[in-house]
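Step one of this worksheet: look at the structure below.
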Amino acid sequence: MSLVPFRTGGPLTDEHAAIYVERRADRDALTHLHAMDYLLVIEPRQQGKTSLINHLMRHPALSGLSFVYVDVATPDRSTEAAWYRTFCPRFLRQLRDFIPRDQWPAIPQNSTGWREFLGDVAALAAAAHRRVVVALDEIGAVTFPGATGFFSVLRDVYNSRQAETEFKQLTFLLTGAFHPRDLITDNRISPFNVAQRVRLADFTLAQVHQLVGAGDWAGEQARRLAERIHYWTDGQPYLTQLLCSYLDGGASPLDVDGGVERLRREDENHLPPLLARLDRDERLREYVERILAGERIKFYPRENRRQAQLELLGLVKADVEGYCIVRNRLYVQTLGALDETSAGISAPSREGGVAPAHRVRSSAVVPQELSGEMRKGNVVLFVGAGLSIGAGLPGWGALVRPLAEDIGYEGHDLLKAAQYYENRRGRHALISYLRDRLDTTGIEPTGNHELLVRLPVNIVFTTNFDDLLERAYRKAGRPVNLVVGAAELPFWDEARVNLVKLHGTHDRPATFTITERDYNTIYRNNPLVVQQLNALLAIKTFLFVGYSVSDPDFNQIYDQLSVDLGWHRRRPYLVTFGGDELVVENLKRRGYHLISLSGEGERNARLAEWLQVLLESSR
């Protein structure tokens with residue numbers, strides 16, 4: 001086992017500084033506490049909320065603040081008086097350095113006394129030139145009679161700072177799995193709307209690597225372990241720590257997979273409560289099943305009660321396009337999902353081929369018109385990121401989100417995120433990051449790559465940076481003429497497969513198209529490539545594989561390149577796994593033929609089955 005005491009139960013304290021991973025929440029909390037803002041940290045269980053409090057309490061930048069910590073699940077909640085009788089002494093004992101026992105304010109019996117109590121504490125703090133942060137943990141457990149009055153006083157204390165300036169010496173940090181609207185349930189009273197919310201996000205891949213780096217692993221081994229752990233947990237802190245604790249000094253990514261199985265067998269602290277909650281609520285369970293089945297549901301937890309419940313449980317979150325997904329692969333597997341990619345996740349097999357799955361029979365068929373055009377050699381293939389994701393490479397969102405997190409960009413426009421990262425860190429840093437994340441060393445083309453390259457198609461466009469397609473063609477004995485820019489167009493060779501990499505290629509990083517500026521100028525800077533594409537659009541049938549209906553690459557290609565063709569262009573085909581109803585309707589109105597591979601089974605297997613049928617029908 002690792003010599004590092006990875007923490008698998010309870011919060012991190014001073015003794016665990018080596019394995020504490022600072023997140024953006026730490027920086028945001030420091031800023032707000034310096035300003036004496038009220039703070040809310042609303043997250044699911046085992047997300048690191050108490051660890052964050054402990055870290056803030058010992059942070060040198062806050063050494064001038066006095067901290068009070070109370071786990072509010074522990075005071076007596078039987079009556080209002082009992083609550084204050086057991087809560088307030090714990091509060092005061094932690095301020096003994098400037099409020100001795102003989103100066104304690106009167107212990108309140110109700111919310112009126114509670115306000116007087118806080119006023120006395122604030123006055124004593126002002127006299128001692130002290131500022132006090134009161135951290136109330138597990139706020140969701142505050143259910144005593146009179147709880148609304150308790151929180152109403154906190155709001156009133158904040159609003160009274162201008163008139164009663166001593167209240168500027170007090171601020172409150174509330175953490176737990178709760179809804180702020182539930183703190184004050186009396187509709188006649190203003191809601192609890194005076195606090196700043198701090199998001200305690202899952203670990204990024206870089207942060208998982210930092211945590212793994214605290215263990216017995218270094219260099220390439222640490223990188224591979226971190227990537228595999230993040231692959232399963234998507235950075236969920238408890239699961240990440242637990243998997244680290246299972247690994248010994250000679251661990252490999254396969255041992256991480258074994259750790260996942262062990263966790264599912266042995267863990268009693270994390271997964272069982274989640275499953276028990278779903279067992280108790282049939283409607284919640286059905287909602288999760290809809291997401292697992294691939295239904296595209298916009299994520300609006302502030303408007304949708306079930307989404308809000310699932311968010312607080314930690315089971316669902318939004319994907320890069322704002323749709324509900326199950327939070328990580330480990331949850332998907334635990335929930336018994338047969339289709340991992342329906343939760344926004346693509347699972348490669350260990351052998352690099354199609355991930356093992358039960359045999360599926362897709363409801364989709366190959367249109368006769370497409371088969372006929374394929375037999376005539378009249379089809380141009382467009383290959384998107386779905387094929388590369390299936391091999392274990394990051395998709396667009398997974399590639400760019402860490403850049404946004406690195407520079408603190410919180411918007412949803414990932415093109416802007418990449419652009420802002422380049423502006424701040426420089427093009428060299430951006431390219432270095434991309435080359436590292438897109439390295440295909442040890443990654444082989446998948447079974448779907450192998451099926452795709454057997455199709456009777458000699459013109460292929462791709463927006464992928466990696467080299468898996470060209471390797472698959474060469475493995476199949478089909479020579480490839482690689483076209484990355486206009487300079488290669490004069491060498492177009494009808495005797496070979498002409499593979500056009502619209503957004504650049506892995507071994508020529510100067511050609512990468514990744515930022516907003518790159519996207520805005522790509523076609524203007526490559527007029528000959530645009531001319532070639534438009535010529536093909538007029539005489540060939542286009543088949544898009546590996547693109548989401550909301551994929552910006554997909555929409556940009558067809559909209560911008562066919563703008564001058566009007567309705568004279570041939571009808572394009574797009575292989576989909578479902579999507580937003582309005583987006584699908586719009587695509588149909590624009591003349592697309594959507595081939596929906598909806599059904600049961602793992603997504604890569606469904607695509608493999610369809611490609612096999614297409615291959616057979618095209619002979």
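The values are calculated or read from the model by the stated rules, or taken from the named source; none is laboratory data. This is a predicted model, so every value here is computed, not measured. Here the Cβ positions follow ideal geometry from the backbone for every residue, glycine too, while neighbour counts run over all protein chains shown. What goes into the accessible areas is simple: the full protein's heavy atoms, side chains included, and nothing from ligands, DNA or RNA. Shrake-Rupley method; radii C 1.70, N 1.55, O 1.52, S 1.80 Å.
Label positions at Ala61 and Ala510, each projected 7 Å from the Cα along the C-beta direction, are separated by 4.1 nm. In the context of the full protein assembly, Val365 retains an accessible surface of approximately 110 Å², using a probe radius of 1.4 Å and ignoring ligands and nucleic acids. Please give me the summed charge of the neighbours of Ala35: other residues whose Cβ is under 14 Å from its Cβ, Lys and Arg +1, Asp and Glu -1. Overall, the nearby charge balance is +2. Within the straight-line cut-off of under 12 Å between alpha carbons, the aspartates and glutamates reachable from Lys416 are Glu516, Asp518, sequence neighbours fewer than 8 places apart in one chain being disregarded. Annotation: amide H of Asn481 within the under-5 Å range of Val497, Asn498, Leu499, sequence separation 5 or more or interchain, hydrogens built in the peptide plane.
Note on the stretch 261-307: the C-alpha convex hull projects to 4.3 nm² when averaged across all orientations.
Label positions at Ala487 and Glu295, each projected 7 Å from the Cα along the C-beta direction, are separated by 5.3 nm. For the pair Asn534 and Arg197, the difference between a 0.36 nm per residue extended length and the Cα-Cα distance amounts to 116.4 nm. In the structure shown, do any of Lys49/Lys168; Lys475/Lys501; Lys49/Lys317 have a Cα-Cα gap over 23 Å, and if so which? In this structure, Lys49/Lys168 exceed 23 Å between Cα atoms.
Given the -39500 (n - 2.57) contribution per DSSP H run of 4+ residues, what per-residue ellipticity at 222 nm results for the chain, rounded to the nearest 500 deg cm²/dmol?
Mean residue ellipticity, 222 nm, calculated: -12500 deg cm²/dmol.
Here the label points at Asp281 and Asn423, each 7 Å from Cα along the C-beta direction, are separated by 4.1 nm in the simple model.
The residues neighbouring Ala163, those whose beta-carbon lies less than 15 Å from its own, together hold a net charge of +1 under the Lys/Arg +1, Asp/Glu -1 convention. Taking 0.36 nm per residue of separation and subtracting the current Cα-Cα distance, fully stretching the chain between His179 and Asp413 would add 81.5 nm. Around Leu95, with a cut-off of 12 angstrom between Cβ atoms, what is the net charge of the other residues, counting Lys and Arg +1 and Asp and Glu -1? So the environment of Leu95 carries a net charge of +4.
First measure r as the distance between the Cβ atoms of Arg161 and Arg101, then evaluate 1/(1 + (r/R0)^6) with R0 = 30 Å and state the FRET efficiency to the nearest 0.05.
That gives a FRET efficiency of 0.60.
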